[in-house]
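The values are calculated or read from the model by the stated rules, or taken from the named source; none is laboratory data. Worth saying up front: this structure is predicted, and the values here are computed from it rather than measured. Reconstructed Cβ throughout: ideal geometry from the backbone, glycine too, with neighbour counts over all protein chains shown.
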Amino acid sequence: MRLAQVGLGRWGHDWMRTVLPQVPTAQLVACVDRSPERRAAITEEGAVSSQDCYESLEAALGAVPFDGVLVTTDLPTHVAVVRAALEAGKHVLVEKPFAPSLDEAHSLTELAAQRGVTLMVSQNYRFFPAVRLVQRLVWERSYGEVRFVAVQFRRFSPAQNNGTGHHTWRAPLLQDMAVHHFDLLRATLGRRAVSIVCRTWNPDWSWFVDDPEGCALVSFEDGPVASYAGSWLNADHTPWAGHWRMAMDEGELWWTSRGSADGLGDEEVRFCDRKGIWTTLELPKLQFTGRAGCLAEFVDAVKSGRTPECDGSDNLSTLSLVFGAMASAAASGAEVDLSAPQGGL
């Protein structure tokens, strides 16, 4: 599958350098970035030639044939770039969150359906061994029903990065990180969220423009409840996927996933039965993990004509959780009803 990548900043550069080479079914044929310095930097590395670099997606569309667009720009430009790619009839894989509002996200999924092309969101935390194992155990009810889930995420985003990236975002914890954890709740439970209560805060000494810490309580259909606590200001790090505890009929499932970058070093799933006996479970082997897993899924889905995991329409429900949490936090923790149709499970 021939791809054009739009966005060559720090994260986009990492996609090009470390992710794309892992998936042999994807071929990078064009790179797009408005910055001449960024374009020059990647050509100096030898990753692509100067004639394969373009200032705009429109320029690339007029110069080279390709099948899909990988969007790795910053959040504020996601909608414009994705819309341009979809209108040109290109399949799109876009970084999360794929839009800054539900209305804009809906408009993009509707446009993809009208054009008959794929729109997939890179919810890369799904593509790890621990997540796949937990998903199977929950869906097969191997230890009974899930009654309660507790998720904790802690990381430290240093002050020297102030003024860039998520430090300037509205609700940086919810939009930049909880979007992953909320999506994992949906992926592992396989159920629809029906309501959310959320509080967020920003300490006086923080260098974030908006709230980098918070907690939430999510209720799912048929009974499960999940608590979530997250922070960008904590030196006691969890793995990026967080620490998870799932209370089930026959005991507790404890797990964590995604260590540094797309690494597997922190993958672990353990079960403690009602007698207090712990068992470490064997993890499945995956051909591709993390973002490479997303990219491989995207390419395979397009080639086979099927709907991919993390399709844009499916991801609307993850965004509903994020924006529901933001609405609850803005209303001092008032409960937000998510049961009304907002894009389906």
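Yes or no, residue by residue, for (1) more than 25 Å from Val302 (Cα to Cα); (2) modelled with pLDDT of 95 or more; (3) part of a helix (DSSP H, G or I):
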{"site": "Leu111", "(1), (2), (3)": "no, yes, yes"}
{"site": "Gln114", "(1), (2), (3)": "no, yes, yes"}
{"site": "Val117", "(1), (2), (3)": "no, yes, no"}
{"site": "Phe148", "(1), (2), (3)": "yes, yes, no"}
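Could you check, for the range 233-250, whether at least one of its residues is closer than 23 Å to Leu75 by Cα and assigned to a strand (DSSP E or B)? Taking every residue of the range 233-250 in turn, at least one turns out to be closer than 23 Å to Leu75 by Cα and assigned to a strand (DSSP E or B). Of the residues making up the range 86-103, those that are closer than 22 Å to Trp169 by Cα, part of a helix (DSSP H, G or I) and at pLDDT 95 or above number 0. Tallying residues that are small (Gly, Ala, Ser) and either in contact with a Ser or Thr (Cβ under 8 Å, 6 or more places away or on another chain) or within 14 Å of Thr118 (Cα to Cα) (or both) within the range 274-309 yields 4.
Quick one: would you say Lys285 is in contact (Cβ under 8 Å) with a residue 40 or more places away in the chain, surrounded by fewer than 14 Cβ atoms within 10 Å (Cβ to Cβ) and basic (Lys, Arg)? Against the criterion (in contact (Cβ under 8 Å) with a residue 40 or more places away in the chain, surrounded by fewer than 14 Cβ atoms within 10 Å (Cβ to Cβ) and basic (Lys, Arg)), Lys285 qualifies. Just to be sure before I move on: is Cys31 closer than 19 Å to Glu95 by Cβ and either modelled with pLDDT of 95 or more or not aromatic (Phe, Trp, Tyr) (or both) in the structure I sent? Judged against the criteria, Cys31 is a match.
Scoring Gly46 on the criteria (1) at pLDDT below 95; (2) within 23 Å of Trp169 (Cβ to Cβ) leaves a single failure, condition (2). Test Ala235 against the stated conditions and say whether it is surrounded by 20 or more Cβ atoms within 10 Å (Cβ to Cβ), in contact (Cβ under 8 Å) with a residue 24 or more places away in the chain and among the hydrophobic types (A, V, I, L, M, F, W, C). Spelling it out, it is not the case that Ala235 is surrounded by 20 or more Cβ atoms within 10 Å (Cβ to Cβ), in contact (Cβ under 8 Å) with a residue 24 or more places away in the chain and among the hydrophobic types (A, V, I, L, M, F, W, C). The residues of the range 199-229 that are assigned to a strand (DSSP E or B), touching a residue at least 60 places away in the same chain (Cβ under 8 Å) and surrounded by 20 or more Cβ atoms within 10 Å (Cβ to Cβ), listed by number, are Thr200, Gly214, Ala216, Val218, Ala226, Tyr228. Listed conditions (1) over 21 Å from Trp169 (Cβ atoms); (2) in a helix (DSSP H, G or I) are all met by Val81, apart from (1). Considering the range 1-39, and only residues there that are exposed (fewer than 13 other Cβ atoms within 10 Å of the Cβ) and of a type in the set (S, T, N, Q), the residue that is nearest to the chain's Cα centre (by Cα) turns out to be Thr25. Whether any residue in the range 43-55 is over 17 Å from Ala296 (Cα atoms), charged (D, E, K, R), in contact with a Leu (Cβ under 9 Å, 6 or more places away or on another chain) and not in a strand (DSSP E or B) is what I want to check. Scanning the range 43-55 turns up at least one residue that is over 17 Å from Ala296 (Cα atoms), charged (D, E, K, R), in contact with a Leu (Cβ under 9 Å, 6 or more places away or on another chain) and not in a strand (DSSP E or B).
Taking the criterion of being in contact with a strand residue (DSSP E or B) (Cβ under 7 Å, 6 or more places away or on another chain) and without any contact (Cβ under 8 Å) to a residue 12 or more places away in the chain, the only residue of the range 23-66 that qualifies is Thr43. Assessment of the range 184-198 against the conditions (assigned to a loop (DSSP other than H, G, I, E, B), among the small types (Gly, Ala, Ser), free of Cβ contacts under 8 Å to residues at least 24 places away in the same chain and surrounded by fewer than 21 Cβ atoms within 10 Å (Cβ to Cβ)) yields no matching residue.
Residue-by-condition table, conditions (1) surrounded by 13 or more Cβ atoms within 10 Å (Cβ to Cβ); (2) touching a Cys at 6+ places or on another chain (Cβ under 9 Å); (3) outside any helix (DSSP H, G or I):
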{"position": "Arg270", "(1), (2), (3)": "yes, no, yes"}
{"position": "Val299", "(1), (2), (3)": "yes, no, no"}
{"position": "Val302", "(1), (2), (3)": "yes, no, no"}
{"position": "Ser313", "(1), (2), (3)": "yes, no, no"}
{"position": "Leu321", "(1), (2), (3)": "yes, no, no"}
{"position": "Ala325", "(1), (2), (3)": "yes, yes, no"}
{"position": "Ser332", "(1), (2), (3)": "no, no, yes"}
